[in-house]
Amino acid sequence: MRPISSILEQFQRKSLLALLLICFGLMITSVPGVHAQTLTGTAPTINIATAVAGSEPTPVTNTGSNVKYSGKTFLSKITVKTVCANQKFDLSVVAGSITAGRGTAAAAVVLLNGMLDTDFIVSIPANVGSTTVSLRYTAAPQFSDGTGTDTHTVTYTQVAN
C-alpha cells in the first residue's frame, strides 16, 4: 500500500482527477393533466482538481441549474433517475429551498447508473402556481476511483403522487 503523500503527489501531477459532465433530459409521463416542466441553466460541468494532504479529493458542488414546475389537477411529485454508462464517481442531487405549500424536497439523492425513478420533490399540491427550485449537484470522488469522465443524463419526471 502506497503512503497517502505518494498518492497526493501523483494526484498533484495530474491536472484533473475527474470531469463529470451532467447532461439533462426531461421526461414527462403521459397522464391527463400533465404539462411540460422546464429545466433552466446549462448542464453543469464539475471538475475535481483539489485535495488536502492526507484526505480524499475535495467534493465540488454546482448550483447553476433549476427545475420549474406547477401543480396539476391532482397531487403530484417529481422523480429523478440517471443513465451513466460505466459510472466511476459518486454524484448526488438535492432540491434547494421550496416555498412552503409547493412541495417537499427529499433528502439528497445519490445518482447511480440504471437506478429506478426516485422521489425528488413530493406532495406538490393540486393547482399550485409555477415554482422554481434550484438543483444542487455534488461530486465526491475518492482516490480509489482513479481518473476519468462520467457523463450523466439526468431525467426528472412529474407524476401522480
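The values are calculated or read from the model by the stated rules, or taken from the named source; none is laboratory data. Keep in mind that what you see is a predicted model, and the values were worked out from it rather than measured. For neighbour counting, all protein chains shown are included, and Cβ atoms are generated from backbone atoms with ideal geometry for every residue, glycine included.
Which condition does Asn127 not pass, out of (1) of a type in the set (S, T, N, Q); (2) closer than 15 Å to Gln158 by Cα; (3) modelled with pLDDT of 95 or more, if it passes all the others?
The number of the failed condition is (3).
Do we have any residue at all in region 113-122 that's polar (S, T, N, Q) and touching a residue at least 24 places away in the same chain (Cβ under 8 Å)? Give the steps one after another, and end with the answer.
Here is the first cut: in region 113-122, the ones polar (S, T, N, Q) are 113, 118.
With touching a residue at least 24 places away in the same chain (Cβ under 8 Å) added as a condition, the list becomes 113, 118.
Checking region 113-122: at least one residue is polar (S, T, N, Q) and touching a residue at least 24 places away in the same chain (Cβ under 8 Å).
Restricting to region 81-120, and then to whatever is touching a Lys or Arg at 6+ places or on another chain (Cβ under 8 Å), over 13 Å from Thr138 (Cα atoms) and aliphatic (A, V, I, L, M), can you tell me which residue is surrounded by the fewest Cβ atoms within 10 Å (Cβ to Cβ)?
Among those residues, the one meeting the criterion is Leu116.
Could you grab me the full set of residues in region 93-129 that are among the hydroxyl-bearing types (Ser, Thr, Tyr) and touching a His at 6+ places or on another chain (Cβ under 9 Å)?
Step one: filter region 93-129 for residues among the hydroxyl-bearing types (Ser, Thr, Tyr), giving 97, 99, 104, 118, 123.
None; the set is empty.
Would you mention how many residues in region 82-110 are of a type in the set (D, E, K, R) and farther than 17 Å from Asn62 by Cβ? Step through it out loud before you land on a result.
To start, the set of residues in region 82-110 that are of a type in the set (D, E, K, R) comprises 88, 90, 102.
Then drop every residue that is not farther than 17 Å from Asn62 by Cβ, which leaves 88, 102.
Residues flagged as of a type in the set (D, E, K, R) and farther than 17 Å from Asn62 by Cβ within region 82-110 amount to 2.
Can you name the residue in region 93-104 that is over 13 Å from the mean Cα position of the chain (by Cα) and of a type in the set (A, V, I, L, M) and, of all such residues, is farthest from Ala43 (Cα to Cα)?
Taking region 93-104 first, the residues over 13 Å from the mean Cα position of the chain (by Cα) are 97-104.
Filter again for of a type in the set (A, V, I, L, M), leaving 98, 100.
On the way: Ile98: 21, Ala100: 27 Å.
Here the answer is Ala100.
For region 46-102, enumerate the residues that are farther than 26 Å from Val159 by Cβ and among the aromatic types (Phe, Trp, Tyr).
The answer is Phe89, and nothing else.
List, please: which pairs have Cβ atoms under 6 Å, are six or more places apart or on different chains, and start with a residue in region 87-110 that is free of Cβ contacts under 8 Å to residues at least 24 places away in the same chain and end with one that is among the aliphatic types (A, V, I, L, M) and assigned to a loop (DSSP other than H, G, I, E, B)?
none
Taking region 121-161 as the region of interest, how many residues are in a loop (DSSP other than H, G, I, E, B) and surrounded by fewer than 20 Cβ atoms within 10 Å (Cβ to Cβ)? If you could, list the steps in order and put the result at the bottom.
Step one: list which residues in region 121-161 are in a loop (DSSP other than H, G, I, E, B), which gives 125-130, 140-142, 146-147, 161.
Imposing the further condition that a residue be surrounded by fewer than 20 Cβ atoms within 10 Å (Cβ to Cβ) reduces the set to 125-130, 140, 142, 146-147, 161.
Of the residues in region 121-161, 11 are in a loop (DSSP other than H, G, I, E, B) and surrounded by fewer than 20 Cβ atoms within 10 Å (Cβ to Cβ).
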